[in-house]
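Inspection log for the structure reproduced underneath, given as structure tokens.
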Amino acid sequence: MAGYEQLAFYYDALTQNAAYETRCDRICSLLAAHGAGEGILLDLACGTGTLSLMLARRGWDVIGVDASEEMLSQAQEKKMNTGADVIFLCQRMEALDLFGTIDAAVCTLDSFNHLESDDAFREALRRVALFMNDGGVFIFDVNTPYKHAQVLGSNTFVYDTDEVFCVWQNAYSAKDCRVDITLDLFEPVDEEDGYVRSSEQFSERAWPPDTIKTWLEAVRFEVVALLDEDGGPLRDDSERAVFVCKKHGTQFQN
């Protein structure tokens with residue numbers, strides 16, 4: 001998610017429909033159901049830290065990692081305002097380097113889709129596995145190929161909030177299931193000066209769930225559940241796939 005220099009300031013306003021409390025409830029239930037109820041938790045690609053702080057309030061010792069300094073600046077401000085004991089680190093997912101091991105990890109809101117290649121995705125999974133204790137649980141979601149082709153596509157979306165007016169334009173490539181995204185952000189100034197405009201550009205890729213499962217197994221993550229975002233079974237028309245994985249062993253397959 002590097003390159004979110006301008007979007008970081010408006011990210012929370014544009015993700016008001018992310019239902020963080022519900023998302024946190026589901027994550028904590030899944031973690032507990034698979035034997036991870038306490039300890040050190042990695043929030044990978046944590047963005048502005050909303051979920052990190054919620055998980056800390058649920059009793060986890062949280063490390064939030066993100067590649068965007070601007071996003072982490074927002075997270076640090078929230079941390080100071082709440083007094084939460086969360087560590088935030090600026091690192092790319094595929095270059096994750098922690099001080100010790102973790103008992104659980106989460107990665108939400110299609111952050112893995114921002115990785116540019118198969119190798120980057122596989123390396124990010126390997127890095128999580130490297131620091132995960134045996135028996136640790138890893139929960140993450142990804143946009144599905146269905147969503148990229150049928151929902152995002154080459155479509156345009158408009159979001160209007162009190163803080164910012166956003167025009168989201170997509171260009172879809174079926175060859176690698178990639179969506180190139182341009183965001184034009186208009187911040188209201190006053191009636192006389194109108195708006196200040198800024199732009200962000202980035203891409204998202206989607207991979208078949210079976211491919212991701214194979215990559216997870218190569219670093220000793222067992223997929224114990226593969227779900228739709230609503231908690232039910234994954235469907236052909238699911239827009240997000242939620243992987244619930246458990247780490248077995250400490251050695252990697254080459």
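One residue stands out in the stretch 63-78 among those that are touching a helix residue (DSSP H, G or I) at 6+ places or on another chain (Cβ under 9 Å), more than 23 Å from residue 101 (Cβ to Cβ) and of a type in the set (D, E, K, R): the one that is surrounded by the fewest Cβ atoms within 10 Å (Cβ to Cβ), namely 69. Looking at the stretch 189-205, which of its residues are on the phi < 0 side of the Ramachandran plot, exposed (fewer than 14 other Cβ atoms within 10 Å of the Cβ) and in a strand (DSSP E or B)? The answer is 189, 190, 195, 196, 197, 199, 201. When residue 153 is tested against (1) at pLDDT 95 or above; (2) at negative phi, just one condition goes unmet, and that condition is (2).
The condition (being touching a residue at least 12 places away in the same chain (Cβ under 8 Å), surrounded by fewer than 18 Cβ atoms within 10 Å (Cβ to Cβ) and in a loop (DSSP other than H, G, I, E, B)) is satisfied by just one residue among 176, 180: 176.
Scanning the stretch 144-157 for any residue that is in contact (Cβ under 8 Å) with a residue 40 or more places away in the chain and part of a strand (DSSP E or B) turns up nothing.
Residue count for the stretch 72-105, restricted to those that are closer than 18 Å to residue 58 by Cα, modelled with pLDDT of 95 or more and assigned to a loop (DSSP other than H, G, I, E, B): 1. Scanning the stretch 61-68 for any residue that is of a type in the set (S, T, N, Q) and in a loop (DSSP other than H, G, I, E, B) turns up at least one such residue.
The condition of being surrounded by 18 or more Cβ atoms within 10 Å (Cβ to Cβ) and touching a Gly at 6+ places or on another chain (Cβ under 6 Å) holds for only one of 220, 240, that being 220.
The values are calculated or read from the model by the stated rules, or taken from the named source; none is laboratory data. Predicted model only: the values in this text are computed from it and were never measured. In this analysis, Cβ positions are derived from the backbone assuming ideal geometry, glycine residues included, and neighbour counts consider all displayed protein chains.
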